[in-house]
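The values are calculated or read from the model by the stated rules, or taken from the named source; none is laboratory data. Here the structure is a predicted model, which means the values were calculated and not measured. Every residue, glycine among them, receives a Cβ derived from its backbone with ideal geometry; neighbour counts consider all protein chains shown.
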Amino acid sequence: MPSDTFTADARDRRLPHVPTQALIGGDWCDGAAGVFAVVDPATGDPLAHVADCDFTQARAAVDEAAAAGAAWAATSPRKRSDVLARAHRAVVQRREELALLITLEMGKPLAEARGEVDYAADFLRWFSEEAVRVDGHYGLAPDGRTRMLVTRAPVGVCLLVTPWNFPLAMGTRKIAPALAAGCTVVVKPAPQTPLSTLALAELLQDAGVPAGVVNVVTTTDAPGVVEPLLSDPRVRKLSFTGSTAVGRALAARSAQQLLRLSLELGGNAPFLVLADADLDRAVEGAMLAKLRNGGEACTAANRFYVHESLAEPFAQRLTERFRALRVAAGTEPGADIGPLIDARQRDRVAELVQDAIDRGAQAPVGGAALDGRGFFFAPTVLTEVPADARLSSEEIFGPVAPITPFADDDDAIALANATEYGLVSYLYTSQVERALRVASALESGMVGLNRGLVSNAAAPFGGIKASGYGREGGPHGIEEYLDVRYLAIDA
C-alpha cells in the first residue's frame, strides 16, 4: 500500500514508497484499532499514517509464524543463506532510498543514515554466512559406553521488539540470525520509526522469505500487544532492545513461560582519558562516541572522565568542535546534528542539563533546546559537573558531554564502575600494559580502546549488569536462536 508523501526540504526530498500496513502471514493488512501518525522530528509534521494493531492482529501474527515454523526450520541451511544474501544485495542496492527513509522518520543526518544502511546490510551478509555453519558434536563418553550426538535446532517462534534509534539496523540484527537459525519471527517496531521495518519486511519478501516467516505488527499499544504474547506457549524467545525498566518488566513476565531472552538495555558509558592519552585522538574519539546518532544511542559516551592534567585542554578542544557543528534537518546538506526523536526526549535532555547547571555545572557551549520547529537541542559541553547531577547516573540520549577530572587510574576505574549499567566503556591510553589492566577492570560487556566505535556485525554486541544479557552479532548471535539437543547412543 503506497504511503503518503512528504516534502522534507526545498530540494523536494520525498518519503520513498513504503508499506504502511502490518505484515501478517505474507499479507499486508489494516490494523483493527485504526492508524497512527509517524512524525518527522525535524518539523513535527506527519510523514505517513501506519496501521495501529491490537492484540487480535498480534495473535494472528503468532498463528502465522507458528504455522510456517516447521517448513522454514526444515529448509536447507544453504537456501536460508541464499535468501539472506539476496536481502543483503537488495539493501545495498536501495541504500539511498533506505537512508532517506531513516532520516525522515528518525532525524539523523543522511550521511549517518547511509552508515546505518551499510551496518544493517552487514548483519544480513554475516548471518547468511553463519546459516551454513551451525554445527554439532559427536564423541565418545569418558566411560566408553555411550556415544554422544549433540545437535542444534531452532528455538521456534521469536518475538522481536526493536527500538527507534537505529530502526533498520536493529531490525536486521535480530531478524537475520533468527532466520539463519531456522526460526520464524513476529517483529514489533517502535511506533516512532515503523517505516524502516516495514520497508525491510517488504524487501525480505522480495528476497524469497516465505509467507508467515517474518511478520510485522505496528502499534502504539506495546504493553497490550507484547505482554499477552509472552504467555503464548508457541512463543519461545524474546529479543528486546530498550530501557532497563521495561526490560526488567519483560523478564519478569517472561519467567512464567521460561522464555529464552536477549535483552539489550540501557547504558551509561564512561569515556576515560588517561594521563598518557593522545589528546587529539581522544577528542576525535569523543566526537564519534558522543555524537553518533546525535547521542541517541545506548553506546553513546555518557560520562567523560579526563585526567586532571588534560581536563582543561580536552574541554577546550571539545567545546570548539561542538561550537562548529551545524544543527539542521538531516536532509539538509552539511547537517552534522539532526533533531532528537520527539518533544519528550528533547525536554528530558533539557531537564537533565538544567539540573546539572543548577547544581553548579558550567556550559561553555550549548545548554538548551533550540527555538523553532522540530525537536532540536544544541550540542552541549558541561564542565565542573557535580557528582550528584542526574546526568551522572541517568542515560542522557542527547548531544551532551559532561566532563569530570580524575586524579589517577584507580580513581578513573572507580568512577567508571559507579553505575548499575555495564554496556560499553571507552578508554584512551598510549601504554599497552596500562590499557589491558584498566580495560580488564572496567565492568562492561564491551570496551573501545583508543576508538569511539565498537559496533560491528562480526562482534558480540551486549552488556552486563543492568545493561542486560545475551549477545547480538558475531558467532554468538545465532546461538541465541538455537536450542542444544543431545542424543545418547549405546556404544
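Which one of S254, S262 is within 22 Å of the chain's Cα centre (by Cα), in contact (Cβ under 8 Å) with a residue 24 or more places away in the chain and in a helix (DSSP H, G or I)?
Checking each option against the conditions leaves just S254.
For the list (1) within 22 Å of S455 (Cα to Cα); (2) without any contact (Cβ under 8 Å) to a residue 40 or more places away in the chain, I need the number of the one condition that R303 fails.
Condition not satisfied by R303: (2).
Name the pairs whose Cβ atoms lie under 7 Å apart, with the first residue in the stretch 420-434 and in a helix (DSSP H, G or I), the second surrounded by 24 or more Cβ atoms within 10 Å (Cβ to Cβ), and 6 or more positions between them or separate chains?
none
Test G25 against the stated conditions and say whether it is surrounded by fewer than 20 Cβ atoms within 10 Å (Cβ to Cβ), touching a residue at least 40 places away in the same chain (Cβ under 8 Å) and not aliphatic (A, V, I, L, M).
yes
Name the one entry in A58, A65, A121, A42 that is outside the structural domain of A369 (by TED's automatic domain parsing), buried (at least 20 other Cβ atoms within 10 Å of the Cβ), of a type in the set (G, A, S) and touching a Ser or Thr at 6+ places or on another chain (Cβ under 7 Å).
A65
Taking only the stretch 319-348 into account, find how many residues are assigned to a helix (DSSP H, G or I), touching a residue at least 12 places away in the same chain (Cβ under 8 Å) and under 20 Å from L382 (Cα atoms).
8
Note down all Cβ pairs under 6 Å where the first residue falls in the stretch 206-230 and is farther than 18 Å from A251 by Cβ, the second is outside any loop (DSSP other than H, G, I, E, B) and basic (K, R), and they're at least six residues apart or on different chains.
Listed by first residue and then by second, the contacts come to A207/R86; V217/K188.
Out of the residues in the stretch 318-348 that are of a type in the set (V, I, T) and closer than 18 Å to A301 by Cα, which is surrounded by the fewest Cβ atoms within 10 Å (Cβ to Cβ)?
Among them, the one singled out is T319.
Kindly state which strands (runs of 3 or more DSSP E) lie completely within the stretch 349-418 and contain at least 1 residues that are surrounded by fewer than 17 Cβ atoms within 10 Å (Cβ to Cβ).
Details: elements: 362-365, 380-383, 400-406.
Where strands (runs of 3 or more DSSP E) fall fully within the stretch 349-418 and carry at least 1 residues being surrounded by fewer than 17 Cβ atoms within 10 Å (Cβ to Cβ), they are 362-365.
Wholly within the stretch 83-161, which strands (runs of 3 or more DSSP E) include no fewer than the required count, namely at least 3 residues that are farther than 25 Å from I337 by Cβ and without any contact (Cβ under 8 Å) to a residue 40 or more places away in the chain?
Counting at least 3 such residues, we get 137-140.
Within the stretch 216-251, how many residues are crowded, with 16+ Cβ neighbours inside 10 Å, in a loop (DSSP other than H, G, I, E, B), out of contact with any helix residue (DSSP H, G or I) (no Cβ under 6 Å at 6 or more places or on another chain) and among the polar types (S, T, N, Q)?
Within the stretch 216-251, residues that are crowded, with 16+ Cβ neighbours inside 10 Å, in a loop (DSSP other than H, G, I, E, B), out of contact with any helix residue (DSSP H, G or I) (no Cβ under 6 Å at 6 or more places or on another chain) and among the polar types (S, T, N, Q) number 1.
Can you name the residue in the stretch 272-299 that is within 11 Å of P399 (Cβ to Cβ) and of a type in the set (D, E, K, R) and is also surrounded by the most Cβ atoms within 10 Å (Cβ to Cβ) among such residues?
Checked the stretch 272-299; the qualifying residue surrounded by the most Cβ atoms within 10 Å (Cβ to Cβ) is K290.
Being β-branched (V, I, T), over 19 Å from the mean Cα position of the chain (by Cα) and under 19 Å from L415 (Cα atoms): is that true of V438 here?
Spelling it out, V438 is indeed β-branched (V, I, T), over 19 Å from the mean Cα position of the chain (by Cα) and under 19 Å from L415 (Cα atoms).
Give me a count of the residues in the stretch 439-484 that are surrounded by fewer than 16 Cβ atoms within 10 Å (Cβ to Cβ), in a strand (DSSP E or B) and out of contact with any Leu (no Cβ under 9 Å at 6 or more places or on another chain).
Qualifying residue count for the region: 2.
Quickly run through the stretch 131-149 and pick out the residues that are of a type in the set (D, E) and surrounded by 22 or more Cβ atoms within 10 Å (Cβ to Cβ).
none
Restricting the search to the stretch 172-215, which residues are touching a Pro at 6+ places or on another chain (Cβ under 7 Å) and buried (at least 20 other Cβ atoms within 10 Å of the Cβ)? Steps first, answer last, please.
From the stretch 172-215, those touching a Pro at 6+ places or on another chain (Cβ under 7 Å) are 181-183, 189-190, 193, 196-198, 202; that's our starting set.
Passing the criteria: A181, G182, C183, P189, A190, T193, S196, T197, L198.
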